[in-house]
Amino acid sequence: MPDWEKLSTARVIPLARPRKLAKVPFAELADGRLQGVVSSGSDIERVYVSSVAASTYTFACSTNNNRPCGGARGSFCNHILALVNEAVLQYGAERVARYLRVELGGEEPSAPSITRGMSVTRPAQGDTALAAPVFSRFLRHLAYLELAPVTAPVPEMQWFPPTRAEA
């Protein structure tokens, strides 16, 4: 077992660069997808849940109440492009390209080169049913912002991986 797996804390990777949370407040590389929440450009009350699957680049974009995005018709919409840009800021271009398994053809990893690499395969529009868990995780993250700053442990944030005896 590697030494880092014996620790009771998770490794935190610093941001590649500061992000603009007003446009894309939530971006994650999880469940074999780049997924997140993107603010609407026209309505401050509306957000979109967008995702791109690794390898196949199947994409989905819908509002938080499951209405399909009007811009995601056969190609990536602006919400997905914004999500890719913010993921590159948060995780770094190399990590995003590696996670999504994008062939860059010798280009330097960047948000535009990742988007071009995915577009070459003519990605298909996927099911928006995966939006609910992503939006739920986003709301859970927002709830932590409402907690008063304390130095005591927060019970919901304490988790411990099972030991070999418990597994």
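The values are calculated or read from the model by the stated rules, or taken from the named source; none is laboratory data. Just so it is clear, the model here is predicted, and its values are computed rather than measured. All Cβ positions, glycine included, derive from the backbone under ideal geometry; neighbour counts span all protein chains shown.
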- Looking only at residues in the stretch 68-84 that are farther than 15 Å from G41 by Cα and crowded, with 16+ Cβ neighbours inside 10 Å, which one is modelled with the highest pLDDT? V84
- Query: Going by the structure shown, is E107 outside any helix (DSSP H, G or I) and acidic (D, E)?
  - Reply: yes
- Task: Run down S50, S62, S113, S75 and say which single residue is hydroxyl-bearing (S, T, Y) and assigned to a loop (DSSP other than H, G, I, E, B).
- Result: S75
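If only one of A132, A87 is small (G, A, S), assigned to a helix (DSSP H, G or I) and surrounded by fewer than 19 Cβ atoms within 10 Å (Cβ to Cβ), which one is it?
Going through A132, A87 in turn, just one is small (G, A, S), assigned to a helix (DSSP H, G or I) and surrounded by fewer than 19 Cβ atoms within 10 Å (Cβ to Cβ): A132.
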